[in-house]
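In what follows, a structure is listed as structure tokens, so that the remarks can point back to it.
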Amino acid sequence: MNMLTVWPPAHNHLMKGGFFERLFAKFSLAGEPSFVHLNIEKTANFSQKYPNVPAPESKLSIKLLAAEWASHGIYGEDMPQVAANLLEAGYDSPSLRRLAGEMRVTCSADVEDLVRRTFRELGVPYPLSEKQAKLIVTRQVARLVIAGEYDPERAGTFLEIQIWGWSHETEDLSRLFALNDELTWSPEHRRPVALVRDDLVDAFARLALCTDEQIFAPDSSS
């Protein structure tokens, strides 16, 4: 299966930087705008406008880690430390304890079965498909936008180029990317910028409301 390839190797710095910090660092290295240099103080928080949008998941979200593992962004050598961090955070399962105690892991294959059982015991219907992994990432990015942590326009560009590769898999994604593209049009060909941006944020709010049932539905696994 051709899974996502956007994550840089996590060896030796897995917990030094967050999941999305590494994603955006990769994006920046590819020549795109860096989220590190955003004027965060100018980024609006839309949480009050969209009170039904959940807060972003934590950096130790099981679903986010499953997406990263499925996408080869973290490796077998990293997983004992990941498991230890999860135990410390209050997660627990028989396979998670075993994984935290693994001492000789040289590649992902060494712990693949154990990792699979760990994710399943912690409630993730693993293995994930490529589309499911992308949807998990997309939902988190959308929630970060609504929470005011990421700029909507750059987040839209990031999702279209780095995560989906210009592929419009769903109606909501197609709308998001079309609105983001409209912002680059000349003034005589686009609507007022404020209106387009409002619609763009609204599109992010729709993506942020994507449910686990939608992500893990049978038609999301291809």
Among the residues that make up region 94-105, is at least one of them more than 25 Å from residue 147 (Cα to Cα) and within 22 Å of the chain's Cα centre (by Cα)?
no
Wholly inside region 40-117, helices (runs of 4 or more DSSP H) that include 1 or more residues that are surrounded by fewer than 17 Cβ atoms within 10 Å (Cβ to Cβ) and out of contact with any helix residue (DSSP H, G or I) (no Cβ under 7 Å at 6 or more places or on another chain) are 79-88, 94-101
Lone qualifier among 167, 108 - being among the polar types (S, T, N, Q), in contact with a His (Cβ under 9 Å, 6 or more places away or on another chain) and either within 28 Å of residue 218 (Cα to Cα) or touching a residue at least 60 places away in the same chain (Cβ under 8 Å) (or both)
108
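Yes/no per residue for (1) more than 30 Å from residue 93 (Cα to Cα); (2) not assigned by TED's automatic domain parsing to the domain that holds residue 81:
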residue: 109; (1), (2): no, no
residue: 112; (1), (2): no, no
residue: 133; (1), (2): no, yes
residue: 165; (1), (2): yes, yes
residue: 192; (1), (2): yes, yes
residue: 213; (1), (2): no, yes
residue: 216; (1), (2): no, yes
If you scan region 136-186, which residues turn out to be surrounded by fewer than 17 Cβ atoms within 10 Å (Cβ to Cβ) and modelled with pLDDT under 90?
165, 166, 167, 168, 169
Answer yes if at least one residue in region 87-98 is touching a Pro at 6+ places or on another chain (Cβ under 9 Å) and not assigned by TED's automatic domain parsing to the domain that holds residue 173, and no otherwise.
no
Quick one: residue 116 ticks every box in (1) within 13 Å of the chain's Cα centre (by Cα); (2) free of Cβ contacts under 8 Å to residues at least 24 places away in the same chain bar one, so which box is it?
(1)
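The values are calculated or read from the model by the stated rules, or taken from the named source; none is laboratory data. In this text, all values refer to a predicted model and were calculated from it rather than measured experimentally. Using ideal geometry, Cβ is built from the backbone for each residue, glycine included, and neighbour counts are taken over all protein chains shown.
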